[in-house]
Amino acid sequence: MDRVQSNFTKILRSTVLVVLGMALGTYIYVMVIENYEHKNVYPHIQDLDDDTLKRVGVNQYHVDPDQVHDVQFPYRNFNRFGMGWIGIVEEYEWSYKHLKREHPYTQGYEPLKPGPDSITPTSVSKSKVYLQDKKSTFRRGEFIHVIVETRDDYGNQRLRGGDFLTGVMFNKEMQASTAARMIDYGNGTYSMYFYAGWKGQAAIDVSLSFTREAISFFDLTRFRDRRNLWSANFTDGKVIEKSNCTSTNEGTWENKCSYINPWSLGKTAVLCHKPKSLQCSTLTNISQNLHQMVTMAEQDVKDMRYLFERKYRKAIFSASPIKVVIKDSKSQLDLPTCGPDLPIPMSSGYWKSYNIFVPLVCRSQDWTPEQRFKCASDKLFFSVGDSTLGQFSQVFRDEFIMGGDVTIDHHYIALRGGWPVQNVHEIMFESDFIDKINSSVCRSHTPVVLFNFCFHYGLWSIRAYLDRVYQTKLSVLRLFQRCPGAIVIAKLAHPRNNIDVPQSVHSGNYLYYDMNRMLRRVFGGTGVHFLDVWDMVVAHPDDNDVHVGRHIIIQQMDMMFSHVCPDMVKGS
């Protein structure tokens, strides 16, 4: 018995020593090796001292909140799926920061007091719009600050932000105009800043493009897959069969013809109903019927149609127009040289006249045909995108505008929203197109690549859209490895005329505005240039058509040349 007990004691002692050794080893690994690797993966952690979290908690210092959040909750770096609540928390933090409200600890305090009988979206007739400064006279080069305090149809204060507002300041006689830069404080109050770019009279119109409730509707529908529909033809040379197709980035399926391109579409698959007798491999062409797109939009909006009535969509606030006077001044902005990752300024520019736009993002100019030809002479231009980018290629082929024969290789977006029918075997996606620019091209010329992601993606889910955008980002990074001198320009979307309810649903301007933000987020920091033409189109006296006038295209092209050849810009 004593011998058994002695052996048991030895075994127990050995086991305890092994466990303690393992624990010590694990501790050393976690505290030294893994922590070292963690800091290498997330080097920004090294820049935050021990007291950072305390200081950020009381908002005493300017520290990137995303960095701090990653330190506090590092699981965000490993799996962000299903964590949409983060955006809600950030919204609350922002809105309550700008809502000065103290708790009424008084004898008359009631834990539950009666609230409004009715709440409706923002009303353009009940809301207040006024100049922040009581003066109505300004000097050229100043910013004119307009405040919007939103109320609903019953006069209730809107304590939530999120409305999509548009502001334009103009002088009809001079045909001068500029768009506002809006700041949403998240509590129903907005600031709009207008750059006083000309001398003379000016009138300010503020309009409600979409309400917060309409944008919430957009966000709910955009997380759903299989909203975009295509028609497809299958043939073996003798038999022709038709089918309907869609795309999905989530979910499962059975007994479907599925088509993938991981290099270009990522995890997104195109799904088609199987033809009656033919094989999936006999798919020959695909097209999207616009009637199907309108029908899908009608189905989406059926119970929320009131959000797109005219009083809540493209409606001008009754306080408009606000009249101001701009006096002359010699004040000028010191603009940076055009390049990638430029900050978004308080004003993107203004129309000096019907045909002349003055950019304020970076140092630009109106280019002569001779200057355009000189800039383009040692470069090869490539573009891939929709018909709005196709307008660029048409101008490029105009020798009168370009000062000579300049070629551009333009390829239209594949899986378009609308006609014409696309031959499946000829389809080329953005990443395919960029990857075909090989290193031999770079040895003889500087490649300039333009792309856009906007007017054909209204019914794509957010995941499917971003997946395709990310694959393009990877192809751009591969291009920069092959061609370090390559210039890549993302032409961002501009607003269009949402003429009816279905178009406002499947092609609402907020969707394109949000796509612009996504592109900036994905391609920011990669060396890609952003050609942001939103405010240029908003401010122009022409209707905001999806295909803008040639005079606007020429101004956009001159902005692009200021990015491609910044050394040729006057004053550089």
Cα-centred dipole magnitude for the stretch 359-455, charges only on beta-carbon of K, R (+1) and D, E (-1), debye, nearest 20
200 debye
Cross-link reach from LYS302 to aspartates and glutamates, straight Cα distance under 19 Å and at least 8 residues apart if same chain, gives GLU213, ASP219, ASP225, ASP500
Packing-based ranking, highest mean first, of 117-125, 351-359 given that Cβ atoms within 10 Å are counted:
351-359, 117-125
Considering Cα pairs under 8 angstrom that are at least six residues apart, work out the relative contact order of the stretch 229-287 and quote it in whole percent.
43 percent
Sort out for me the Cα centre separation of the stretch 511-572 from the stretch 376-415, rounded to whole Å.
15 Å
Using a cut-off of 15 Å between beta-carbons, work out the net charge of the residues near ASP545 (Lys and Arg +1, Asp and Glu -1, ASP545 not included).
-1
Which pairs in the list LYS379/LYS491; LYS126/LYS323; LYS327/LYS352; LYS128/LYS314; LYS267/LYS379; LYS172/LYS570 are over 23 Å apart, alpha-carbon to alpha-carbon?
LYS267/LYS379; LYS172/LYS570
Karplus-derived 3J(HN,Hα), 6.51/-1.76/1.60, for each residue of the stretch 224-235, Hz, glycine and proline x
8, 7, 6, 9, 8, 10, 10, 9, 10, 10, 10, 7
Counting each DSSP H run of 4 or more residues in the chain as -39500 (n - 2.57), what helix-only mean residue ellipticity at 222 nm follows after dividing by all residues, to the nearest 500 deg cm²/dmol?
-9500 deg cm²/dmol
Taking Cβ-Cβ under 4.7 Å as the only way to count a partner, pick out the unpartnered cysteines of the chain.
CYS454
Viscosity 1.002 mPa s, 20 °C: Kirkwood-radius Stokes-Einstein D of the chain over Cα pairs, µm²/s
78 µm²/s
When the Cα centres of the stretch 256-306 and the stretch 457-507 are compared, how far apart do they sit, in Å?
19 Å
Taking 0.36 nm per residue of separation between ASP543 and GLN107 and subtracting their Cα-Cα distance, the length gained on full extension comes to 151.2 nm
Exposed-loop-free span, longest in the chain, where GluC sites (Glu not before Pro) count as exposed if DSSP calls them loop and at most 10 other C-beta atoms lie within 10 Å
255-572
Share of alpha-carbon pairs per 10 Å distance bin for the stretch 229-287, given as whole %
23, 53, 22, 2
Answer rounded, prolate or oblate for the stretch 288-413, using the Cα gyration tensor with square roots of eigenvalues a ≥ b ≥ c: rounded when a/c is under 1.5, else prolate when a/b is larger than b/c, else oblate.
oblate
For the stretch 335-568: relative contact order, % (alpha-carbon pairs under 8 angstrom, 6 or more apart):
26 percent
Label-point separation (nm) for GLU254 and SER118, each offset 7 Å from Cα along Cα-to-Cβ?
5.0 nm
Report relative contact order for the stretch 431-542 in percent, whole number only (criteria: Cα-Cα under 8 Å, sequence separation at least 6).
33 percent
Take every Cα-Cα distance within the stretch 380-432, group them into 10 Å bins from 0 onward, and report for each bin the whole-number percent of pairs it holds.
23, 47, 24, 7
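Each reported figure results from applying straightforward, stated rules to the coordinates on display, with no laboratory input. If you're wondering where the values come from, they're calculated on a predicted model, not measured in any experiment. Cβ coordinates were reconstructed from backbone atoms using ideal geometry, including for glycine residues, and neighbour counts include every protein chain displayed.
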